[in-house]
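*Asks:* This structure is in C-alpha cells; I'll ask about it shortly.
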Amino acid sequence: MNWLWTTADLVDAMDGRPIGVMPEGITGISIDTRTLARGEAFFAVKGDKFDGHDFATAAMAAGAGLLVVAEAKLPALGRLQMPKIVVEDVLVAMERLAVAARARTKAQIIAVTGSVGKTTTKEMLRHALAVCGSVHASEKSFNNHWGVPLSLARMPQDTTYGIFEIGMNHPGEITPLVKLVRPHIAIVTLIAAAHLGFFRSLDEIARAKAEIFSGVVKGGHAILNRDDPRYKLLARLAGDAGVTHIHGFGENARAQFRMTDYQAQPPGACFGAKVGKRKLDVEIGAPGRHMALNALAVLGAAQLAGADIEKAAGALATLKAEKGRGRLLAFKHRDGGQFTVIDESYNANPASMRAALQLLGATPVDGGRRIAVLGDMLELGVHSAKLHKELAGPIGEAGVDRVFLAGPEIRILADNLPDQVESTYREDADTLAQLLVEAVRPGDVVMIKSSNGIGFSRLVEALTNSCEAAS
Ligand SMILES: Nc1ncnc2c1ncn2[C@@H]1O[C@H](COP(=O)(O)OP(=O)(O)O)[C@@H](O)[C@H]1O
Ligand SMILES: [Mg+2]
C-alpha cells in the first residue's frame, strides 16, 4: 500500500499518543467529514464556527482510518471505538506534520502570494508542471493558518513540484506560514487594493506580502511583477530578506520573463514569451491579458524549478479558466442565436475588476452588446466609495453598452457612469436575476463579477437554468 504517512511516522512527527488498534498507515488527511475519503486521518481542527471534535462520529461513519484529537477532548470521545492519536493541540500537530512533510521531500517548492491571482497562478502551475513531473498543490484557496499546514501535510513524499498558495488579511500572517513552506521559489503576483480595509496603503500591503521572502531557502528565487508600481519596493525587501536571485515578469522591457505580444483568441489567447534567452509562442486556454501575465510567472517558475519549459508552455493550451474566475460560457438564446457569459462571480477587487472589464472590452461581440453585471467589492474599508466610483473609467474604456449593478457599496457607481451607458440598479443579486435573464439578447457578451459574498454565482445559475448551453 502506498500510504501518505505510515502511522509510525505520523505519531513520530506529531509527538502523539496512539490509542487503540492502529492501521498501518493513512491514505490522506481530512478536516471535513463531508469530503473525507475512506482510510484518511481526520484531524479534529477547531475552526471559526465549528470544532472538529463534534464531528468525530461523522468521521468514523465516513470511514476515517483514525482520528487526531486533543487531550482535553478525550473524555468526551472515550466511548468512540476508533483508533486515535491524542495530541496537545490538533492544529499544532498538523503544523508539525507539515514540517515533517517539507523535511522529507526532494520536491522543488513554489509559494504564491499577492493581492489577486494567487489561486489562478497556483492552478496554472499545477496544470503546466503536471506534464513535467508529479505535482502536489494546495486545494482551492487553502492559504491561511490551517490551509497551509494542511496542504503541506498532504504532500506525498515522492512529489516533484510542491505548489502552495499563501494568503493574508493582516500583517504578520505570512511569516509563520512561509517558514513552514520554505519555498525555493516565491512568486508575488501583484500588489493591489484587496483587503485594503485592514491597511493604510498599498505600500503597507506590499510589506505584508514581502514577508514571503523571509522563508525562501538559501540560494532561492523571488519572481516579482515587473509592471507593478511596487516592483522596486518588493525587490528591495526581497534583497533585505537575503533572497539573492530576483526576477521580474511582465511587459516591461527589463523583465526576465517577458510578454512580447498578446492576442485574444476566444476562448483563450496567444502570446509571445521571452524566458531568459528562449523565445516561445504560447497558446493559452483561458482569456485575458492578466491570465497571460500570470502565465509568464508560471513559465519563469518552471524554468527555475528545472522543468521542461517547452512542455510546460505547451500544456497551457489546454488550460481552462476556473468556474467564477474568467470561465467563458456559451448559451443558446430563446429567440435563436447565442450569447456569451464571462463568469467572474467568485471574487472582485479593483485590480481584478479592471482586468475583467478589459477582457470584456477585448471580447468580440457579434451584433450584440457588451454587458457588465457588477456587484460590491468587499473589504475596502474607508476607501470603498472612491474605489467603486472609479470603476466608471474602465467601464468607459471597455466600450460597455449596458450595466447592471447590485449591492449596497456599488450603488454610488450608478450615478457616476458615462452618459452613453444605460444602467440598472437593484439591492441584491436575487432581485436582479430575473431582470438579467430577460434583458440578454442574442450576440451579447455578459461579464458577471462581484465579491463572492454578494452571491453573483446565483446570477450565473439563473442564466444556466433558463438557457440551454451551446457547444
Ligand atoms: N494578474 C491578475 N491581475 C488582475 N486580476 C487577476 C489576475 N489574476 C487573476 N485575476 C482575477 O482576480 C480574481 C481572483 O483571482 P484568484 O486567482 O482567485 O485570486 P486570489 O487567489 O489571489 O484571491 C479572478 O477574477 C481572476 O480572474
Ligand atoms: Mg485564492
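*Asks:* Where does the Debye-calculated log10 I(q)/I(0) of segment 359-437 sit at q = 0.11, 0.17, 0.18, 0.19 Å⁻¹, using only Cα point scatterers of equal weight, no solvent?
*Replies:* -0.28, -0.66, -0.74, -0.82
*Asks:* If amide hydrogens are placed 1.01 Å from N in the peptide plane, which non-local residues have theirs closer than 5 Å to the one on R369?
*Replies:* Distant-sequence amide H within range of R369: D444, V445.
*Asks:* Pop a pseudo-label 7 angstrom from the Cα along the beta-carbon direction at both A385 and K140 and give the gap in nm to one decimal.
*Replies:* 3.5
*Asks:* Please turn the phi angles of segment 110-118 into ³J(HN,Hα) values with the Karplus equation 6.51 cos²θ - 1.76 cosθ + 1.60 (θ = phi - 60°), one per residue in order, whole Hz, x for glycine and proline.
*Replies:* Calculated HN-Hα couplings, in order: 10, 10, 10, 10, x, 7, 9, x, 5 Hz.
*Asks:* Among 264-277, 12-25, 118-131, 365-378, what's the highest-first ranking by average C-beta atoms within 10 angstrom per residue?
*Replies:* Listed from highest to lowest mean packing, they are 118-131, 365-378, 264-277, 12-25.
*Asks:* For segment 126-180, taking Cα atoms only, what is the radius of gyration to one decimal and the Dmax to the nearest whole Å?
*Replies:* Calculated on Cα positions, Rg and Dmax stand at 11.9, 36 Å.
*Asks:* Here's something else I'd like to know. Determine, for W146, W5, the number of other Cβ atoms within 10 Å of each Cβ, and report the residues in order from fewest to most.
*Replies:* With the fewest neighbours first, W146, W5 line up as W146, W5.
*Asks:* Going by C-beta contacts inside 10 Å, put V86, V440 in order with the fewest on the left.
*Replies:* Fewest-to-most Cβ neighbours within 10 Å comes out as V86, V440.
*Asks:* Follow-up question, since we're still on this one. For segment 46-172, compute the orientation-averaged projected area of the C-alpha convex hull (one quarter of its surface), in nm².
*Replies:* 9.3
*Asks:* Spin-label point model (7 Å from Cα, Cβ direction): what's the V217 to V92 distance in nm?
*Replies:* Placing both labels 7 Å along Cα→Cβ, they lie 2.8 nm apart.
*Asks:* I would also like to ask the following. For T35, T175, what's the fewest-to-most ordering of other Cβ within 10 Å of each Cβ?
*Replies:* T35, T175
*Asks:* Starting from the amide H of K320, placed 1.01 Å from N in the peptide plane, find each other amide H under 5 Å away whose residue is 5 or more places distant or on another chain.
*Replies:* Amide H neighbours of K320: none.
*Asks:* At R0 = 30 Å, how high is the FRET efficiency between K277 and V99 if r is their beta carbon distance? Nearest 0.05 is fine.
*Replies:* Result of the calculation: an efficiency of 0.20.
*Asks:* Two decimals, Cα atoms only, Kirkwood Rh: what is Rg/Rh over segment 229-314?
*Replies:* For segment 229-314, the value is 1.00.
*Asks:* Related question: If you take the C-alpha gyration tensor of segment 327-466, multiply each eigenvalue by 5 and take the square root, what semi-axes do you get, largest first, in whole Å?
*Replies:* Largest first, segment 327-466 gives 23, 16, 13 Å.
*Asks:* Within segment 18-110, report the trypsin sites (Lys or Arg not before Pro) that DSSP leaves as loop and that have at most 11 other Cβ atoms within 10 Å.
*Replies:* Within segment 18-110, the qualifying trypsin sites (Lys or Arg not before Pro) (loop, at most 11 other Cβ atoms within 10 Å) are R34, R38, K49, R79, K106.
*Asks:* Mind listing which GluC sites (Glu not before Pro) in segment 408-448 are in a DSSP loop and have 12 or fewer other Cβ atoms within 10 Å?
*Replies:* Loop-located and lightly packed - E427.
*Asks:* I'd like the Kirkwood hydrodynamic radius of segment 105-318, using the inverse of the mean 1/r over distinct C-alpha pairs, in Å.
*Replies:* 16.8
*Asks:* Given segment 5-90, report the % of alpha carbon pairs whose separation exceeds 16 Å.
*Replies:* For segment 5-90, the share of Cα pairs beyond 16 Å comes to 44 percent.
*Asks:* Could you derive backbone 3J(HN,Hα) for segment 204-219 from the dihedral phi with the Karplus parameters 6.51, -1.76 and 1.60 (θ = phi - 60°), listing whole Hz in sequence and x where the residue is Gly or Pro?
*Replies:* Going residue by residue, I get 5, 4, 4, 5, 5, 5, 5, 4, 4, 5, 5, x, 5, 5, 4, x Hz, with x marking Gly and Pro.
*Asks:* Still on this structure: Tell me which lysines have Cα within less than 17 Å of K332's Cα, excluding those fewer than 8 residues away on the same chain?
*Replies:* Straight-line reach from K332, under 17 Å: no lysines qualify.
*Asks:* Which whole-Hz ³J(HN,Hα) couplings does segment 442-458 yield from phi under the Karplus relation 6.51 cos²θ - 1.76 cosθ + 1.60, θ = phi - 60°, glycine and proline marked x?
*Replies:* x, x, 5, 10, 10, 9, 10, 8, 6, 5, 4, x, 7, x, 6, 4, 5
*Asks:* Need one number: convex hull volume per residue for the chain, Cα atoms only, in Å³.
*Replies:* 155
*Asks:* Follow-up. Report the gain in length on full extension from R334 to A8: 0.36 nm times residue separation, minus Cα-Cα distance, nm rounded to one decimal.
*Replies:* Full-extension gain reported as 111.2 nm.
*Asks:* Pull up the DSSP beta bridges for the chain and report the antiparallel fraction as a percent, rounded to 5.
*Replies:* Once the DSSP bridges in the chain are tallied, antiparallel ones form about 35 percent.
*Asks:* Right, another one. Which pairs in the list K140/K279; K122/K209; K389/K449; K118/K323 are over 21 Å apart, alpha-carbon to alpha-carbon?
*Replies:* Violating the 21 Å Cα-Cα cut-off are K140/K279.
*Asks:* Pop a pseudo-label 7 angstrom from the Cα along the beta-carbon direction at both K49 and D32 and give the gap in nm to one decimal.
*Replies:* Placing both labels 7 Å beyond Cα along the Cβ direction yields 1.1 nm.
*Asks:* Can you tell me how much longer the chain between K311 and R254 gets when fully stretched, taken as 0.36 nm per residue apart minus their C-alpha distance, in nm with one decimal?
*Replies:* Extending this stretch completely gives an extra 18.0 nm.
Every number here is computed from the coordinates shown, using simple stated rules; none is lab data. In this text the structure is predicted, and so the values were computed from the model without any measurement. Positions of Cβ are generated from backbone atoms using ideal geometry, with glycine treated the same way; all protein chains shown enter the neighbour counts.
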